[in-house]
Structures are given as C-alpha cells and as structure tokens.
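Reviewing the structure listed below.
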Amino acid sequence: MSSGVIGVFDSGFGGLTVLKALMAQLPEARFVFLGDTARLPYGSKSQRTIARYAAESAQFLVEQQGAEFLVIACNTASALALDAIKESVTVPVLGVIEPGAAGAAKSSTSRDVMVIATEATVASHAYAAACRARGLRGVEKACPLLVPLVEEGWIDHPVTEEVVRIYLKELLQEARQSGQNPDTLVLGCTHYPLLRVVFDRVLLQLTGPSGVQVIDSAEATAAMAAEQIGARTGHAPGSHLPGAGPRIQCFATDSVEKFERLGSRFLGLPVGRVQLVDLGG
Ligand code: DGL
C-alpha cells in the first residue's frame, strides 16, 4: 500500500458502525465509504444477486476511488460474496465474518456461541463454519425485524426492546435444547451495534450478570484491519498515510439525504456531503 486509502463497503449506511471503529483504530487513515442504498436490503436477496451487487461496489471503490485495501462491512456480503469480491478486485479484502468469529473465540470459555444476523447470512451458515474452524459450536438466528427498526430510528424504543427480547429468548432456548451453554453473542449485522444498549439490558434480564458477552464484529474487524495494514506496510497503522483531503468521503447509490441525516447516528459524527453514484440496476 502506498496512498493508504481504505475502502469500506456496505449495502447501506449501517456499515458506518464499522467505519467508526476503523477510524478509531487507524486515526490518520483516509476512507472512502460506499453504501449501496438503492439495492438495500441485501439480507433478503439471493447469493447470485448479492455477489453481483457487491462486486460492482468493490470495483467502484478500487477502480474509481483508488482504495488500496477493502473492508466489507456488510455481514451479508461477507457471508455470501467474499470470494466474488476478491476475484473482482486486485487489492486485499477483509470481510467481517472471520474477525467476528475470532472475537467470539477469544471471549468464550464454554465454547458455545450464539450469532444473530440477516436471513441470508444465517442461511449461508458462514458464521457457524467460521466458529467451527475455531473449535466453537455456533447457533445462529435470523432477526429480520431489527434492520427496519434501526432504519426507522427506533433505537431505544419499547417495541424494539420487546422484539429483541423475543429473538434472544428463542435463541437461548434453541441453544439449550441442543445441549449448548452459550456465553457469547455475536452481533452479525451492521445495524445491531446500534442496539448494543438494548442487547446488554435484555441479556442481563435473561441470563444474569455473568451471563453472555456481546461481540461487536465492527470492533473485531477494525482491529484485524489495522493489524493487516500494519503488517503489509511495516508502519504503525495509519502513521504513514497522507494528511491531504477529507478524512472520509461517503458515496451512496440512492437516498443521499437520508444517508446524511441518519448516517451521523451510525458514525457518531457528521458524515459530511454524501455523493450520489449510479452503479446500474
Ligand atoms: N448490511 C447488512 C448486513 O450487515 C444489513 C442490511 C441489509 O440487509 O442489507 O448484513
């Protein structure tokens, strides 16, 4: 890597939770972020469609924006299209599944973990496979109502809390019925870190204070990206990167105004001017 521009891709602006973690890990790096908002959600689409959309998006970041390292913030694209993305670009690509599973492996002592994600991610069993490769047993659950609730801005909301409670109760029950004793929950979707407070509260009620540790794959991914970039450049992550230009530039394929309005909630600071880009249908 020479210019050190890092591309971050998501199906929408939920991936800004990953960008936020990356910015903390790589304080001097520059980032280009693409949210494929015109084609969101990916979580209910087929593998073939997700792979095509994700590869086009990755090419935009590399070929048109000069990204030299790609972070696939979208769990669904990471689960179903990582190989297709890697084949479509010439730069290193990091998805969120492996770091999430590695984070779970670090945290779990019972070696039983729970994963919540979109329908497509769960159907791919990518997290279960990554957990198995680390000697963990993983039980997965699709939580399709959570993305729309977060998109609606219903973060600390009684309806959202009730939905989270129902999902987690069912998941704990499924895990226990299959003889597991889970001590870790992986948030396997870009939108779920926004509900972290709700997850912590509900888990405390359901499992008690020493119950279940929550793994945010955004944090785990940022740490792994910093490690990989540091290893490639031989520099402390971000320390050699040029200071010129804005710290982040965001692109979206639709809904630029909504991205600007809600994006700051995901990023924790203003996203700046978002540019509209057309990647076709
Ligand atoms: N970005 C997706 C993920 O992390 C959630 C939104 C979608 O379904 O596109 O799985």
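Whole-Hz Karplus values for the stretch 188-204 come out as x, 7, 3, 7, 5, x, 5, 9, 3, 4, 5, 4, 4, 5, 5, 5, 4 Hz, taken residue by residue from phi with 6.51 cos²θ - 1.76 cosθ + 1.60 and θ = phi - 60°; glycine and proline positions read x. Volume of the convex hull of the stretch 1-134 (Cα atoms only), normalised per residue: 106 Å³. In a reduced charge model with +1 at each Lys and Arg Cβ and -1 at each Asp and Glu Cβ, the chain shows a dipole moment near 380 debye about its Cα centre.
Given a 1.4 Å probe, how much area per residue of the stretch 119-275 is accessible, in Å²? Write out the running numbers ahead of the final one.
On the way: 7350 Å² over 157 residues.
That works out to 47 Å² per residue.
For the chain, carbon and sulfur atoms together expose 50% of the accessible surface, with a 1.4 angstrom probe and every protein chain in place. Charged side chains reduced to their Cβ positions (Lys and Arg at +1, Asp and Glu at -1) give the stretch 79-147 a dipole of some 300 debye around its Cα centre. The simple spin-label model puts a point 7 Å past each Cα toward its Cβ; for T109 and E257 those points are separated by 5.3 nm.
Ordering of 148-161, 256-269, 28-41, 87-100 by packing is 28-41, 87-100, 256-269, 148-161, highest average first (other Cβ atoms within 10 Å, averaged per residue).
Per Stokes-Einstein, at 25 °C and 0.890 mPa s, what whole-number D in µm² s⁻¹ belongs to the stretch 122-163, with the Kirkwood radius over Cα pairs as the hydrodynamic radius? D = 203 µm²/s. Taken about its Cα centre, the stretch 7-57 carries a charge dipole of about 180 debye when Lys and Arg each add +1 at the Cβ and Asp and Glu each add -1 at the Cβ.
In this model, which of K20/K141; K106/K258; K45/K258; K106/K141 are farther than 29 Å apart at the alpha-carbon? Please report the intermediate quantities before stating the final value.
Working: K20/K141 26 Å; K106/K258 37 Å; K45/K258 22 Å; K106/K141 21 Å.
From K20/K141; K106/K258; K45/K258; K106/K141, over 29 Å: K106/K258.
Spacing of the modelled spin labels on A129 and Q228, each 7 Å from Cα toward Cβ, amounts to 1.7 nm.
Taking one equal scatterer on every alpha-carbon of the stretch 174-238, how large is log10 of I(q)/I(0) by Debye at q = 0.15, 0.17, 0.22, 0.26 1/Å? For the requested q values the scattering log ratios are -0.62, -0.72, -0.92, -1.09. Dimensions of the chain from C-alpha coordinates, computed as largest minus smallest value along each principal axis and given longest first, are 52, 39, 34 Å.
The values are calculated or read from the model by the stated rules, or taken from the named source; none is laboratory data. No experiment lies behind these values; they were computed from the predicted model shown. Don't worry about glycine lacking a Cβ; one is built from the backbone with ideal geometry, like all the others, and counts go over all protein chains shown. Just the protein is used for accessible areas: all its heavy atoms, side chains included, with ligands, DNA and RNA removed. Shrake-Rupley method; radii C 1.70, N 1.55, O 1.52, S 1.80 Å.
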